[in-house]
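Report on the following structure.
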Amino acid sequence: MANHPPYWFWKDVLSSKEVKHLNQFIMKNYLCEEEKSRAATSANGKSKKNVKTYVVNYKKIKNYISKLLEKAYDTNTKGYDFDLWPYKDEDICLYNIYSSDKKADYDWHIDGDNKAYCDIKFTLLINLSEENFEGGNLYLQENNDIPVPELKERGSMVFFKSYIRHMVTPVTKGERRNLVVFLTGPNFK
């Protein structure tokens, strides 16, 4: 593991047809729009997230992504062995739309939760963009900025520890869509 980049990726976890169907299904079945107050903020209280986000119940999209979650849980078992809870029907996913009209981006942040009894341990991102886009590059930050070019491919998936700082550059052409799944468990010890 010492020479492995700080993320895992899989190509073609969803076909173009599956991506299109999932996008249509989410837009007809999302629970609500994410409250702006849920996004990461800067020291002065300004949101770091310039993205349209919809909240989706896992139960609704389970048939589309359960096999992808299995890959993430398997990777944890083999590579990290973090204590994770299984994803339940009532858990949620986030569906992000980064539009070039808004130069949508998400500044440097870590994924966390304000619940006292758990931690978000992994972030799973699935590229649901139907068309190519420009900008919208994911970077992780450990000792330096690490680009994650694999996420630019439609139907690809990346998986990384949620406490690694990460960001998405502004989308300058087209639209970037992704599904975000947070794998949680009891507090780190």
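The values are calculated or read from the model by the stated rules, or taken from the named source; none is laboratory data. Owing to the predicted nature of the structure, the values given are computational and were not obtained by experimental measurement. Methodologically, a virtual Cβ is constructed for each residue, glycine included, from the backbone with ideal geometry; neighbour enumeration extends over all protein chains shown. The protein model used for the area step is the full one, side chains on, heavy atoms only, and it has no ligands, DNA or RNA in it. Shrake-Rupley method; radii C 1.70, N 1.55, O 1.52, S 1.80 Å.
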Checking the structure you have, find out if any residue of the stretch 94-107 is within 15 Å of the chain's Cα centre (by Cα), under 18 Å from residue 9 (Cα atoms), touching a residue at least 24 places away in the same chain (Cβ under 8 Å) and open to solvent by 10 Å² or more (accessible area, probe 1.4 Å). no
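A quick yes/no check of all residues on (1) within 17 Å of the chain's Cα centre (by Cα); (2) more than 16 Å from residue 111 (Cα to Cα); (3) part of a strand (DSSP E or B):
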residue: 8; (1), (2), (3): yes, yes, yes
residue: 12; (1), (2), (3): yes, yes, no
residue: 19; (1), (2), (3): yes, yes, no
residue: 28; (1), (2), (3): no, yes, no
residue: 44; (1), (2), (3): no, yes, no
Checked against (1) open to solvent by less than 50 Å² (accessible area, probe 1.4 Å); (2) out of contact with any helix residue (DSSP H, G or I) (no Cβ under 8 Å at 6 or more places or on another chain); (3) farther than 15 Å from residue 89 by Cα, residue 14 satisfies every condition except (2)
Strands (runs of 3 or more DSSP E) lying entirely in the stretch 106-189 (those with 2 or more residues that are more than 17 Å from residue 71 (Cβ to Cβ)): 106-109, 118-127, 138-141, 145-147, 165-168, 171-173, 175-186
I'd like the full set of residues that are within 20 Å of residue 19 (Cα to Cα) and surrounded by fewer than 21 Cβ atoms within 10 Å (Cβ to Cβ), limited to the stretch 160-186. 173, 174, 175, 180, 182
Residues of the stretch 17-49 being loosely packed, with under 14 Cβ neighbours inside 10 Å and among the hydroxyl-bearing types (Ser, Thr, Tyr), in sequence order, are 37, 42
The stretch 58-78, residues that are in contact with a helix residue (DSSP H, G or I) (Cβ under 8 Å, 6 or more places away or on another chain) and open to solvent by 20 Å² or more (accessible area, probe 1.4 Å): 60, 64
Of 151, 140, 128, the only residue that is under 18 Å from residue 52 (Cα atoms) and either buried (at least 20 other Cβ atoms within 10 Å of the Cβ) or under 14 Å from the mean Cα position of the chain (by Cα) (or both) is 128
Residue 75 passes all but one of (1) of a type in the set (Val, Ile, Thr); (2) within 15 Å of the chain's Cα centre (by Cα); (3) farther than 21 Å from residue 171 by Cβ; which number fails? (2)
Looking only at the stretch 109-125, which residues are under 26 Å from residue 152 (Cβ atoms), of a type outside the set (Ser, Thr, Tyr) and open to solvent by less than 40 Å² (accessible area, probe 1.4 Å)? 109, 111, 120, 121, 122, 124, 125
Note on the stretch 162-189: residues basic (Lys, Arg) and either touching an Asp or Glu at 6+ places or on another chain (Cβ under 8 Å) or closer than 19 Å to residue 96 by Cα (or both) are 165, 173, 176, 177
The stretch 47-66 residues that are closer than 20 Å to residue 158 by Cβ, paired with ones that are β-branched (Val, Ile, Thr) and open to solvent by 50 Å² or more (accessible area, probe 1.4 Å) (beta carbon under 8 Å, 6 or more apart): 48/41; 56/92; 58/92
